[in-house]
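S.K.: Handing you this structure, nothing more for now.
The values are calculated or read from the model by the stated rules, or taken from the named source; none is laboratory data. On a predicted model such as this, the values are computed, not experimentally measured, just so you know. Here the Cβ positions follow ideal geometry from the backbone for every residue, glycine too, while neighbour counts run over all protein chains shown.
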Amino acid sequence: MVSIVLGSQWGDEGKGKITDMLSQQATLCCRAAGGHNAGHTIVHDNVTYDFHILPSGLVSPSCINLIGAGTVVHVPSFFKELAHIEAKGLTSASKRIFISDRAHVCFDLHSVVDGLEEAGLGGRKVGTTGKGIGPCYSDKAARRGVRIGEILDEVTFERKLRTLDTSYRARFGDISYDVEEEIARFKEYRTKLQPYIVDQLEFLHKHKDSANTLVEGANALMLDLDHGTYPFVTSSSTGLGGAVQALALNPSSIKNVIGVLKAYTTRVGSGPFPSEQLNEDGDKLQKVGREFGVTTGRRRRCGWLDLVLARYSHAINHYTALNLTKLDVLDDFDEIKVGVAYILPDGTRTTFTFPADPNVVDKIQVEYATLPGWKSNTMGVTRYEDLPPNAQAYIEFIEREIGNVPVKWIGTGPAREHMIARE
């Protein structure tokens, strides 16, 4: 049985808690796409872990973990993160993590190029994390990238990296990067990395009878290369289709597609955000929700829950259930607004789709429904019936409006036990 956890908005929905919870029963946990630009914070047994490239299934001592073919891997970050979580007590982690030989290598060179490309965009910056993810995926698509498995072939590896360096210097001129330094570092990584590298198909065949496979999405649907707010997106396929492709999943084996939906909406970086609140409400959501990026530390933009966006996300990812997170952040609002429709520049009203043209999205007017707040503390509530009636009404409104997708889990605080699981 395969369960897939996906971000339904612009990322930062709080996917870590549900993946931590589900990984306790999982025998295999896989990352399908993205790189060390992702960020999951997990509080497990009163210890806080920040995951980036590593699957957060590593918190479960019985769970085997795979970084799949659709990912890009910054090798120094892989080892640094692994050492960090082992130092916090996950001492068996290095024995339970593997990397597909078809994943691509994200070099320090890519990070340098990322900064140069962003600078060249001027006022239309994408707002990347600066981690080199976009340039690495660009090299992959242009068929000049370096795969993880190629690290083991010293001659091929060094030839390909020097070629990348030469091509970027032809484009940008003199850049602040020493290719020989990076090559020297990989002489050490080559031996150190070998035990982690696997043939993905062979590895997954070996684990084909895994009773419970968990696929952990990175980023979110609205950052998807095809379906997100292009060009203000990441460079991978972050939705259901990307998970199937990257891990060669049998679609008939997928039993659960869990969409993680924050009780309001946030976004890091540039790009359209129709329900953003550049006012006291937005500031309050940001402050109470402690909305800073796990990976970058950047302040997140905040706004009301956008159900047009959520319906669009559901239409692409086909959620079987939702995990609504950070409900407690709304505890002190007299009224809570929810975006239920868009009025497009030509006067058309839509409740379902998200326009492809960013110039159109910039001119969208959001139609809001206003619901009464509950003005009481929900932090740490673990039973649905103990929520205030207005909080229950808010959740049930979301369920109906998205298309009767059940909100099966509700986050009511940062700790792992701050979660309502509805039957």
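S.K.: Can you tell me which residue among Leu58, Leu66 is out of contact with any His (no Cβ under 8 Å at 6 or more places or on another chain), within 30 Å of Ala184 (Cβ to Cβ), modelled with pLDDT of 95 or more and surrounded by 24 or more Cβ atoms within 10 Å (Cβ to Cβ)?
M.R.: Testing whether each residue is out of contact with any His (no Cβ under 8 Å at 6 or more places or on another chain), within 30 Å of Ala184 (Cβ to Cβ), modelled with pLDDT of 95 or more and surrounded by 24 or more Cβ atoms within 10 Å (Cβ to Cβ) leaves just Leu66.
S.K.: Look through the range 299-342, keep the residues that are among the β-branched types (Val, Ile, Thr) and more than 17 Å from the chain's Cα centre (by Cα), and return whichever of them is farthest from Pro272 (Cα to Cα).
M.R.: Residue satisfying both the conditions and the ranking: Thr320.
S.K.: Where in the range 289-378 are the strands (runs of 3 or more DSSP E), entirely inside, with at least 3 residues that are surrounded by 14 or more Cβ atoms within 10 Å (Cβ to Cβ), in contact with a Phe, Trp or Tyr (Cβ under 9 Å, 6 or more places away or on another chain) and at positive phi?
M.R.: Fully inside the range 289-378 and qualifying: nothing.
S.K.: Does Asp283 qualify as being among the charged types (D, E, K, R) and either crowded, with 21+ Cβ neighbours inside 10 Å or not assigned by TED's automatic domain parsing to the domain that holds Arg349 (or both)?
M.R.: When the stated conditions are applied, Asp283 does not pass them.
S.K.: Moving to a separate point now. Checking the condition under 30 Å from Ser62 (Cβ atoms), of a type in the set (Phe, Trp, Tyr) and in contact (Cβ under 8 Å) with a residue 12 or more places away in the chain, which residue from Phe98, Phe186, Phe107, Phe157 passes?
M.R.: Exactly one of Phe98, Phe186, Phe107, Phe157 is under 30 Å from Ser62 (Cβ atoms), of a type in the set (Phe, Trp, Tyr) and in contact (Cβ under 8 Å) with a residue 12 or more places away in the chain, namely Phe98.
S.K.: Which members of the range 288-309 meet the condition of being at pLDDT below 95 and among the basic types (Lys, Arg)?
M.R.: Answer for the range 288-309, where residues must be at pLDDT below 95 and among the basic types (Lys, Arg): Arg290, Arg298, Arg299, Arg300.
S.K.: Additional query: Just one of the numbered conditions (1) within 19 Å of Ile410 (Cα to Cα); (2) without any contact (Cβ under 8 Å) to a residue 24 or more places away in the chain is not true of Lys363; which one?
M.R.: The number of the failed condition is (1).
S.K.: Which residue, of Gly293, Gly271, is more than 27 Å from Thr320 (Cβ to Cβ), in contact (Cβ under 8 Å) with a residue 60 or more places away in the chain and out of contact with any Lys or Arg (no Cβ under 8 Å at 6 or more places or on another chain)?
M.R.: Gly271
S.K.: Moving on. Checking Ala218 against (1) hydrophobic (A, V, I, L, M, F, W, C); (2) at pLDDT 95 or above; (3) under 24 Å from the mean Cα position of the chain (by Cα), which single condition isn't satisfied?
M.R.: (2)
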